[in-house]
Structures are given as C-alpha cells and as structure tokens.
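Read the structure below first, then the notes.
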Amino acid sequence: MAAVGVHLPERTVDVREAERTLAARNPGAAPRVPMVSRLTGVRQVHVLPDDWDASDLAVAAAEKLLATEGLAPADVDLLLFASASQDMVEPATSHIVAAKLGVRSPVMDVKNACNSVLNAVEVAEALIATGRYGTVLVACGEAPSRAVRWDVPDRATYLLSAPGYTMSDAGAAVLVRRATPAEADARDASGAPAPRGILASAFGAESTHWDVGMLPGGGTAHPRDLERTYFEIDGSRLRDAFLALGPGVVLDALGRAGLTWDDVALVAVHQVAVAYLDDVHAALGLPTGRTLVTVADHGNVASATLPLQLATALETGRVGPGDVVVLVGLAGGISIGATVVRL
C-alpha cells in the first residue's frame, strides 16, 4: 500500500436531531428520546450532495490521491471499485468511476459489504505479485444514506432500521503498487530487516449469518419491491456473530508477519459504535491506545472506514514512515479480514 486518500461530504447531520425528527414523523413507532446516538456514541454523519452518486465520492477521493502522488490517469494499470454501495446494478460502477477519472485501464468491482476495500487490496496485492499489474487504484464510494428508512410503520421496523441512522457517506482511495528495491530491502534503526508495504494478510467468513444484515432490494430475490430497498439489520445478532468469530484471523495475520502487538503502532478496525471498540480490545488482547475512534464524528462509513482511519492517523502524525499498522475489517455476510502493513 503506497498511499491513501479520503473525501468526506461537507454536509453533516446531527444524529440526535435526526432521531427527534424521526420520532415526530413516526409517533409511536420511534422512541421520543434519542436512543441510537446514546447507545452508539455516534454524534453526526456525512451526507453526499443530492446530485452525487457513489461513483462521485470515489472519484473525489481518487483525484485527491492521484494529485498528491503526482500521478496521471494513464499511470493506473488497473482500477478496482470497492464498495458496499454502487451506482446501479449494471454496469459495474468501476466503469463509471474510470470514465469520470479518465482512466483507460481494465476495471472491475470488488464487493463484500464493509470489507470491500480490504478485499480489493487483497486482490490488488495478488495480481501485482503475479506480475500482471504494477499500479492498482482501489476506489471506494460509500453512500449508505440513500438506503436509510425514515418512515417506519411500527416498532419492529424501527428496530431493523435503527443501525442505519449511524450510516455515513464517504469516498476513499488506496494506491497499491509493486514495492521498489529500496522498500523491499528497508531496515530499521537497529539494522534489522524492516520491509515496507503489505507484510501479511488473513481472511475468514462464517456465511451462515448472511441474513443478519441486508439490503435486499434490486437483486433477483426482490427485484422491484420498494419496501426492501432499505437496510434491514439485526444489530444484536450481528454483534454476537462477530464475537463468535473470535480473534483467530487477526492473530494469524500478525503471526504471519512475525510481529507482536508491541510492534504495532495502530490498529484500524471497522467501527459501527464507540462501545464496540471495547469488545475489539478485549478479544484481541490489545494494549490501550492502539485504536483511533472515527465513528463518533464521522459515522459508520462502511468500507471507507479503514482508509479514513489510516488517513486520519497519517494527517495527525499518529503514525508515520516505518510504523506498522494492522487493518481489521468486519463485514456483514459475515466476514473478517486483517492486513498488516509497514508504512
């Protein structure tokens, strides 16, 4: 991983105020006292402009990244659009992103809920290792606000819709390229080998839980049912499913890299609520201070979460060249992934 860029829409919505509006709009179905913001710790979310699509968010982040790195569209060998969101069922949104960027390379979509970006990085690394490509641009545009339900006829519908009120829009871009000889042969201050780039990865899934979080409309199961075009998420079942997965995949990635938590400067982990970070620390045995909270001020930006945390850590000086970062992805379906990177 050579670089990362993020775009956050300027428009924000206060979650507490949105909940009060929801209660007034749906008396008896939604609670009068804001519950989602209190339970999740999410204060505000970002909302994309009315005339933007998911591809526009991806393009905004990608343009920022390419400009910072001094690259032109012609320098991209492969473009992967990685997101839970998409502009339409067909064509692949990667084509739309490439057309807007002026990229003429091959393209494809990589889609796996909130692990889309992490899985795309895995695909990019594998294809670069074969020698097929040298520079891969992973572009992400998450626009979950378009699938949040604000008319809830009863309490049961509200409970399935409530996790959506912390969903937030964002664009992200990650540049994955073949390591230079200097990066591959880098050493630390003591002279020990410390190669830069992706050191190790591990992934897992427990797909029997696919129905705990859904956006069912638009596919073959519900092609034209407007009532199924909103998020349906059982938050309690989703949390239990992730806890049941355990830390094995993450610890496996760390072990493959030959490292311990003492070597890690930052653990970027997918975030749906502030309180869930305690579960992560406990499950992984993490020392305090190794994570960075973004969900409180930016909401759940789906697969843009890990790039957002990495970009924030870099911009604030939390991490820098030579530091080791572990990217931990958690996604509906359900799946888990971990990638160990030395910056």
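Observations, loosely collected:
- For the range 1-125, DSSP calls about 35 percent of its internal beta bridges antiparallel.
- The chain: calculated mean residue ellipticity at 222 nm from DSSP helix runs of at least 4, using -39500 (n - 2.57): -9000 deg cm²/dmol
- Highest-fluctuation residue, 23, 129, 147 considered, GNM on the chain with Cα pairs under 10 Å: 129
- Zone residues, the range 319-343, relative to residue 265, backbone N less than 19 Å from point 7 Å out along Cα-to-Cβ: 319-328, 339-343
- Each of 244, 41, 96 was scored by the projection of its Cα onto the charge dipole of the chain, and the greatest displacement toward the positive side belongs to 41; charges sit on the C-beta of Lys, Arg, Asp and Glu.
- DSSP-loop GluC sites (Glu not before Pro) across the range 1-101, with at most 12 other Cβ within 10 angstrom: 10
- The range 153-178 versus the range 208-258: alpha-carbon centroid distance in Å: 12 Å
- Among beta bridges from DSSP that stay inside the chain, the antiparallel ones total about 70%.
- To the nearest 10, the accessible area of residue 100 is 90 Å² with a 1.4 Å probe.
- The residues of the chain present an accessible area of 45 Å² per residue when probed at 1.4 Å with all protein chains retained.
- Highest-first arrangement of 84-97, 246-259, 312-325, where packing means the average Cβ count within 10 Å: 84-97, 246-259, 312-325
- Each of 210, 261, 52 has its accessible area taken with a 1.4 Å probe; listed largest first, they run 210, 52, 261.
- Under a model in which nothing but the beta-carbon of Lys, Arg (+1) and Asp, Glu (-1) is charged, the range 171-284 shows a dipole of about 460 debye around its Cα centre.
- Placing unit charges on each Cβ (+1 for Lys and Arg, -1 for Asp and Glu) gives the chain a dipole about its Cα centre, and among 312, 218, 180 the Cα reaching farthest toward its positive end belongs to 312.
- Magnitude of the charge dipole for the chain, about its Cα centre and with charges confined to Cβ atoms of Lys, Arg (+1) and Asp, Glu (-1), is about 240 debye.
The values are calculated or read from the model by the stated rules, or taken from the named source; none is laboratory data. Since we're looking at a predicted model, the values are computed, not measured. For neighbour counting, all protein chains shown are included, and Cβ atoms are generated from backbone atoms with ideal geometry for every residue, glycine included. We work out accessible area using only protein heavy atoms, side chains counted, and drop any ligands, DNA or RNA first. Shrake-Rupley method; radii C 1.70, N 1.55, O 1.52, S 1.80 Å.
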